[in-house]
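The values are calculated or read from the model by the stated rules, or taken from the named source; none is laboratory data. Only a predicted model underlies this, so the values are computations on that prediction, with no experimental measurement involved. Cβ placement follows ideal geometry from the backbone for every residue including glycine, while neighbour counts extend to all protein chains displayed.
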Amino acid sequence: MTYKKECDYLKEFMLKKRFERIETILQMRTRYLTIVLEDIYHPQNASALIRTAECFGIQDIHIIEKNKVYSPNADIVRGASKWLTFHRYSENTGSEHPTLQCISKLREKGYLIVATHLNSEKSITPGKIPIKNPLAVCFGTEETGISHILKENSDFFIKIPMYGFTESFNVSVAAGIILNSLTEKIKSSENNWRLNSCEIEELKFDWYKKSVKNSLKLLNKI
């Protein structure tokens with residue numbers, strides 16, 4: 001489905017710098033790298049992580065809600081969530097365990113599962129993660145980490161080298177370090193990491209609607 005007519009119409013109600021900014025961001029948006037949040041229920045941590053992901057141009061966020069329901073902190077997320085695509089998994093969205101639902105969907109799309117895990121002898125640093133396939137980077141709670149199910153279904157475990165007394169980074173800080181490393185590696189590669197033309201058009205229409213006041217009423221006029 002094409003949204004050219006709708007986008008051209010809404011564009012008339014936008015400042016030039018707004019639609020130019022949207023065009024620029026769309027060219028750097030990616031689904032080649034995505035993140036998974038498994039039962040991260042501290043609003044400040046999950047919200048900071050989502051804000052970080054949006055800053056790095058990641059479009060899709062997968063949220064597993066087994067024991068806790070994700071609820072963003074508006075003061076921290078600072079509007080970042082409105083530009084992202086969320087995929088939620090819970091006991092209400094399928095017959096499988098929410099984590100298995102998420103893994104199955106990612107596998108179908110060709111993702112490798114990369115999980116943060118401090119205590120695995122098989123953990124490797126972000127720079128050593130192979131990027132020949134799309135990557136789904138998974139984060140668990142700071143208290144218990146990722147679940148046993150996610151551990152069993154991960155292709156790689158990732159760790160950040162540390163040189164102090166403290167045993168771990170805050171989850172949002174860890175995400176920033178990991179995503180920075182992987183984003184730079186992916187975007188400097190020859191991999192086809194950009195969105196395709198259909199994805200760009202769909203997102204452009206969605207973002208135009210969110211950028212124009214009373215956009216739905218305006219669209220009803222055409």
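Of all residues in region 203-222, those being closer than 25 Å to Leu135 by Cβ and either free of Cβ contacts under 8 Å to residues at least 24 places away in the same chain or surrounded by fewer than 16 Cβ atoms within 10 Å (Cβ to Cβ) (or both) number 1.
Residues are listed down the side, and each one gets a yes or a no for (1) part of a strand (DSSP E or B); (2) surrounded by fewer than 18 Cβ atoms within 10 Å (Cβ to Cβ); (3) in the same structural domain as Gly110 (by TED's automatic domain parsing):
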{"position": "Phe13", "(1), (2), (3)": "no, yes, no"}
{"position": "Thr24", "(1), (2), (3)": "no, yes, no"}
{"position": "Val36", "(1), (2), (3)": "yes, no, yes"}
{"position": "Ile40", "(1), (2), (3)": "no, no, yes"}
{"position": "Asn45", "(1), (2), (3)": "no, no, yes"}
{"position": "Ala53", "(1), (2), (3)": "no, no, yes"}
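Residues in region 1-48 that are within 25 Å of Ile149 (Cβ to Cβ), at pLDDT 90 or above and aromatic (Phe, Trp, Tyr): 1 in all. Only one entry in Ser147, Ser188 is within 22 Å of Lys105 (Cβ to Cβ) and hydroxyl-bearing (Ser, Thr, Tyr), namely Ser147.
Within the option set Lys17, Lys11, being touching a residue at least 40 places away in the same chain (Cβ under 8 Å), over 23 Å from the mean Cα position of the chain (by Cα) and over 22 Å from Leu106 (Cβ atoms) holds for one residue only, Lys11.
Please tell me if Asn192 is in a loop (DSSP other than H, G, I, E, B) and of a type in the set (S, T, N, Q). Even if it seems obvious, please write down each step before you answer.
Details: in a loop (DSSP other than H, G, I, E, B): yes; of a type in the set (S, T, N, Q): yes.
Answer is yes for this residue.
I want to confirm something. Restricting to region 154-183 and keeping residues that are without any contact (Cβ under 8 Å) to a residue 24 or more places away in the chain and in contact with a helix residue (DSSP H, G or I) (Cβ under 9 Å, 6 or more places away or on another chain), which single residue is surrounded by the most Cβ atoms within 10 Å (Cβ to Cβ)? Before you say what the answer is, go through the steps one by one.
Narrowing region 154-183 to residues without any contact (Cβ under 8 Å) to a residue 24 or more places away in the chain: 162-166, 169, 173.
Narrowing the set further to residues that are in contact with a helix residue (DSSP H, G or I) (Cβ under 9 Å, 6 or more places away or on another chain) leaves 169, 173.
On the way: Phe169: 17, Val173: 15.
Restricting to residues being without any contact (Cβ under 8 Å) to a residue 24 or more places away in the chain and in contact with a helix residue (DSSP H, G or I) (Cβ under 9 Å, 6 or more places away or on another chain), the top hit is Phe169.
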